[in-house]
């Protein structure tokens, strides 16, 4: 028994900060008086924590969630590169059931936190678009897998770096991503070729756009198709973020600054 | 058997001749009772179907009602039922002539509908005021400013005040002084508020035209008020244009005052 305690104790030795993922109020109360700073990572700051990182998407993968929390805490300056951090998260149960000890900076920064926090577009808009893409990936269009490309933010510049393939169905319409009707509309229009362009505030500016960025120096994994290349390249040329649903493997990928920052499988949500 | 029928016939004859009035009066009371019950039942289910219980959830009035073992919907429907019964009873009393059709009953009959409406208005005011406070508070929750907390209270008490005024007016209480106060308050809100929000209102008016007609749209290069750039966003109040990493946020009334230049190369 004492061996087991030692094992757990070892995990907490020399820990510089504690990250709590979506803790309940009572759980937070028990931890908050620790010597180390306690960072709460959750969708909403329900416990009024001093250090708080907003989790815009309930990542089903714990590793992804922890990565997001760490990058958020690093960005906010609560922890520093190389700090040992104890993460308490939910894996199976409804309550916190797992402890993970990681060293911040042991992995390459993916930029997933910056994708939400530092993009031109509002975090909620990016989240809404991701959700639409995930749902589209899950259900497809009438049962068939579809691909889609959403370019979010910096819409003025993106519009000038693209040309219409056809009449824009969203002209003079004032729909924003997140409106209930939009999911249906986007699903219908996703059979059209080209990209959706969405402004900083979430207004759907256009569909049917052919992107014309210069693809120089775009570094995306080999094997991804023209849609991903176009999405990746436009984020290099502008301050936009591209969210791409792959038709072939069904994954949702986000690009920022010409690089792949996030990859999620719609089936997990 | 035969005797019983004969007794019944005698009773009926007596009721329909010498005590006809009493008979009709009791009929009226029974009808009123049934009608009141039916109306209460009907109103209850109608209000429940209309989603009133969810709407009033969390208001002070509803919570108080709950503590007393009832609810807003129940109260309103029972009140309506009671009103019908009361009207029926007074009518019956008159018909029966039990109480001389004196001044008292006459006044009471006139007064009853007002009392009913006043009670309804009071309940409505209390619920609406509380609800408005909750809604406004919810909207302003993201604004971390202590002074902002006063706004939901102001909204709540304004609604209470107006409801009280209407209810008292129904009861015939002299409300002239309170009315003057209300007029001064409304003047303050509308005139001072209008003055303060003048620029925003004119921007919004221009914004509606811009949003509906889209003379320029996101991605167009325009010159507004000497600022040249690419339109990034158009909403009801402002237009954002950007050039060389600088974003100009221009009120829409500026667009209308000075006109727009669309750059087409």
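The numbers here are math on the coordinates, done by the rules we state, and not lab data. For clarity, every value in this text was computed on a predicted model and none was experimentally measured. So basically every Cβ, Gly included, is an ideal-geometry build from the backbone, and we count neighbours across all protein chains shown.
Assorted remarks:
- Evaluated at q = 0.11 Å⁻¹: base-10 log I(q)/I(0), Debye formula over Cα of chain A: -0.65
- Estimated FRET transfer efficiency when R0 is 35 angstrom, pair residue B:192-residue B:134 (beta carbons, to 0.05): 0.85
- Springs between Cα atoms under 10 Å define the GNM used for chain A, and in it the highest mean-square fluctuation of A:159, A:229, A:185 occurs at A:185.
- Debye equation applied to the C-alpha atoms of region A:147-269, log10 I(q)/I(0) at 0.10, 0.22 Å⁻¹: -0.27, -1.36
- Label separation (residue A:160 vs residue A:7): 6.1 nm, computed from points 7 Å beyond Cα along the C-beta direction.
- Taking a point 7 Å from the Cα of residue B:55 along the Cα-to-Cβ direction, the residues of region B:147-167 with backbone N closer than 18 Å to it are B:156, B:159-160, B:163.
- Relative contact order (%) - criterion: Cα under 8 Å, at least six apart; region: region A:119-268: 30
- Listed from fewest to most Cβ neighbours within 10 Å, the set B:265, A:249 follows the order B:265, A:249.
- Figure legend: label point modelled 7 angstrom from the Cα of residue B:63 along Cα→Cβ; residues of region B:104-144 with amide N under 20 Å from it are B:123-142.
- Cα pair distances exceeding 44 angstrom across the protein assembly as shown, given as percent: 44
- The angle separating the long axis of helix B:2-16 from the principal Cα axis of greatest extent in chain B is about 60 degrees.
- Rg/Rg_ref, chain B, where Rg_ref = 2.2 N^0.38 Å and atoms are Cα: 1.72
- Cβ-based exposure ranking for A:255, B:191, in which fewest neighbours within 10 Å come first: B:191, A:255
- Contour minus Cα-Cα distance for residue A:31 and residue A:193 (0.36 nm per residue): 53.2 nm
- Computing FRET efficiency as 1/(1 + (r/R0)^6) for residue A:90 and residue A:267, where r is the C-beta to C-beta distance and R0 is 22 Å, gives about 0.65.
- Its relative contact order, with pairs defined as Cα atoms under 8 Å and 6+ residues apart, puts chain B at 12 percent.
- Inter-chain shielding of A:154-164 (mean C-beta neighbours from other protein chains, 10 Å cut-off): 4
- When shorter helices are ignored and each DSSP H run of at least 4 residues is given -39500 (n - 2.57), the per-residue value for chain B at 222 nm works out to -23000 deg cm²/dmol.
- Average Cα contact separation per residue, chain A, under 8 Å, 6 or more apart, as relative contact order %: 16
- Among beta bridges from DSSP that stay inside region A:2-113, the antiparallel ones total about 35%.
- Computed helical MRE - 222 nm, chain A, DSSP H runs ≥ 4 contributing -39500 (n - 2.57), nearest 500: -9500 deg cm²/dmol
- Spacing of the two label points (7 Å from each Cα toward its C-beta) at residue A:172 and residue A:50, in nm: 5.7
- Crossing angle, helix A:123-139 versus chain A [Cα axis fit, 0-90 degrees, rounded to tens]: 70
- FRET efficiency, 1/(1 + (r/R0)^6) with R0 22 Å, evaluated for residue B:154 and residue B:237 via beta carbons: 0.40
- Against chain A, whose longest principal axis comes from its Cα atoms, helix A:2-12 is set at around 50 degrees.
- Approximating the spin labels as points 7 Å out from Cα along Cα→Cβ, the residue B:8-to-residue B:183 distance works out to 6.8 nm.
- Were the residues from residue B:264 through residue B:166 laid out at 0.36 nm apart, the gain over their Cα-Cα distance would be 29.3 nm.
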